[in-house]
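Let me begin by presenting the structure, written as structure tokens, before commenting on it.
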Amino acid sequence: MHYYKKNIGDYAKKTGRLSMLQHGAYTLLIDACYDRERFPTLAEAIDWTWAFSKDEIEAVEFVLRRFFDLEDGVYVQSRIREEIGDYNAKSTTNKRIADDRESKRKANAATCERNVHASLPSVNEAPPNQEPITNNQEPSIKEANASLSGTTFPTCPYKKLIQLWAKHLPHLTQPRTWEGSRQTNMRNRWIQAGKPSDYSPEGYATTEAGLRWWDSFFGYIASDTKLAAGFENNGRTWQPDLEWVVNASNFQKIIDGKYNK
């Protein structure tokens, strides 16, 4: 989910004694939890907040101890859990309502179509002269629309792309779940790379062709860029993960060659 309510008074009462660094760590953590719709381990919390220095990491650890509960190695917060649950429940209800509405619309459309094309009552008058209907005649509006929509873009094969990531970059972080904004970003990059462009001249119109393109792309990251080895920052090595790669801005930087060896 990309939106949540923040009561300034409640926040100030709850976090009034935090330092500026701790405030930043707390804000980044709750933003990440809502966005990903899940809770982090300690290592993930440090990664999600981009904490590099000793003070930043200590601020993250303090916030986790003070405002989160540790459950099976994962730091959770009951309020965030409840709001995510409510959000998902409403989303499910809204989807069901939309599906029901669409089903009724299609049923009504089918009924109207049958009524329009029903046989006319027989009359004694001779039918007017008319050319016979042949296969050479122009298609109906419905058939024309169907032919235009027939070339739809292949559905993003999330699991197979994750497998290709693991094939070329097994030493980097491998995602355990893939949902929320991660799915959205990957689907958008799948479509973006599939359209003809300077870095994808042919584009791709099938799942198989798309998987070949991404297999080559991940191979390029592994062999021809500095990303596979990571970067040193204040004594800590930062390495990208798949979520970082399919972010629109980061994807474009890779394509532009910013990280080339």
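The values are calculated or read from the model by the stated rules, or taken from the named source; none is laboratory data. A quick note: this is a predicted structure, and the numbers were derived from the prediction, not measured. Glycine gets a Cβ as well: all are built from the backbone with ideal geometry, and neighbour counts include every protein chain shown.
Test Gln163 against the stated conditions and say whether it is assigned by TED's automatic domain parsing to the domain that holds Phe251 and either hydrophobic (A, V, I, L, M, F, W, C) or at pLDDT 90 or above (or both). In short, yes.
Scan the range 164-173 residue by residue and report those that are surrounded by 13 or more Cβ atoms within 10 Å (Cβ to Cβ) and without any contact (Cβ under 8 Å) to a residue 24 or more places away in the chain. Spell out how you get there, then give the answer.
Residues of the range 164-173 that are surrounded by 13 or more Cβ atoms within 10 Å (Cβ to Cβ), as a first pass: 164-166, 168-169, 172-173.
Hit for the range 164-173 is Ala166, nothing else.
You will find that of Lys5, Lys90, the residue that is basic (Lys, Arg), exposed (fewer than 10 other Cβ atoms within 10 Å of the Cβ) and not assigned by TED's automatic domain parsing to the domain that holds Thr237 is Lys5 and no other. Restricting the first member to the range 44-69 and to residues that are part of a helix (DSSP H, G or I), and the second to residues that are among the aromatic types (Phe, Trp, Tyr), the beta-carbon pairs closer than 7 Å and six or more apart or on different chains are Ala45/Tyr75; Val63/Tyr26; Leu64/Tyr75; Phe67/Tyr26.
Residues that are without any contact (Cβ under 8 Å) to a residue 60 or more places away in the chain, polar (S, T, N, Q), surrounded by fewer than 16 Cβ atoms within 10 Å (Cβ to Cβ) and in contact with a Lys or Arg (Cβ under 9 Å, 6 or more places away or on another chain): does the range 223-245 have at least one? Yes, the range 223-245 contains a residue that is without any contact (Cβ under 8 Å) to a residue 60 or more places away in the chain, polar (S, T, N, Q), surrounded by fewer than 16 Cβ atoms within 10 Å (Cβ to Cβ) and in contact with a Lys or Arg (Cβ under 9 Å, 6 or more places away or on another chain). Of the residues making up the range 1-43, those that are farther than 25 Å from Gln174 by Cα and not in a helix (DSSP H, G or I) are Tyr3, Tyr4, Lys5, Lys6, Asn7, Gly16, Arg17, Leu18, Ser19. Taking the range 165-245 and the helices (runs of 4 or more DSSP H) fully enclosed by it, the elements with 2 or more residues that are among the hydroxyl-bearing types (Ser, Thr, Tyr) and more than 28 Å from Cys33 (Cβ to Cβ) are at 207-224. Of everything listed in (1) touching a residue at least 40 places away in the same chain (Cβ under 8 Å); (2) exposed (fewer than 13 other Cβ atoms within 10 Å of the Cβ); (3) among the hydroxyl-bearing types (Ser, Thr, Tyr), the single unmet condition for Ser181 is (2).
Does Ala32 meet the test of being in contact with a helix residue (DSSP H, G or I) (Cβ under 9 Å, 6 or more places away or on another chain), of a type outside the set (S, T, N, Q) and not assigned by TED's automatic domain parsing to the domain that holds Gln183? Please lay out each step first, then the result.
Working: in contact with a helix residue (DSSP H, G or I) (Cβ under 9 Å, 6 or more places away or on another chain): yes; of a type outside the set (S, T, N, Q): yes; not assigned by TED's automatic domain parsing to the domain that holds Gln183: yes.
Against the criterion (in contact with a helix residue (DSSP H, G or I) (Cβ under 9 Å, 6 or more places away or on another chain), of a type outside the set (S, T, N, Q) and not assigned by TED's automatic domain parsing to the domain that holds Gln183), Ala32 qualifies.
Assess whether Asp69 counts as being among the charged types (D, E, K, R), surrounded by 10 or more Cβ atoms within 10 Å (Cβ to Cβ), modelled with pLDDT under 90 and over 21 Å from Glu179 (Cβ atoms).
Numbers: among the charged types (D, E, K, R): yes; surrounded by 10 or more Cβ atoms within 10 Å (Cβ to Cβ): yes; modelled with pLDDT under 90: no; over 21 Å from Glu179 (Cβ atoms): yes.
For Asp69, the condition - among the charged types (D, E, K, R), surrounded by 10 or more Cβ atoms within 10 Å (Cβ to Cβ), modelled with pLDDT under 90 and over 21 Å from Glu179 (Cβ atoms) - is not met.
Considering (1) surrounded by 18 or more Cβ atoms within 10 Å (Cβ to Cβ); (2) without any contact (Cβ under 8 Å) to a residue 60 or more places away in the chain, the lone condition that Arg17 does not fulfil carries the number (1).
Against the criterion of being touching a Ser or Thr at 6+ places or on another chain (Cβ under 9 Å), at pLDDT 90 or above and of a type outside the set (D, E, K, R), Ala32 qualifies.
Please tell me if Ala45 is of a type in the set (A, V, I, L, M) and out of contact with any strand residue (DSSP E or B) (no Cβ under 8 Å at 6 or more places or on another chain). Give the derivation first.
Working: of a type in the set (A, V, I, L, M): yes; out of contact with any strand residue (DSSP E or B) (no Cβ under 8 Å at 6 or more places or on another chain): no.
So Ala45 does not fit the description; no.
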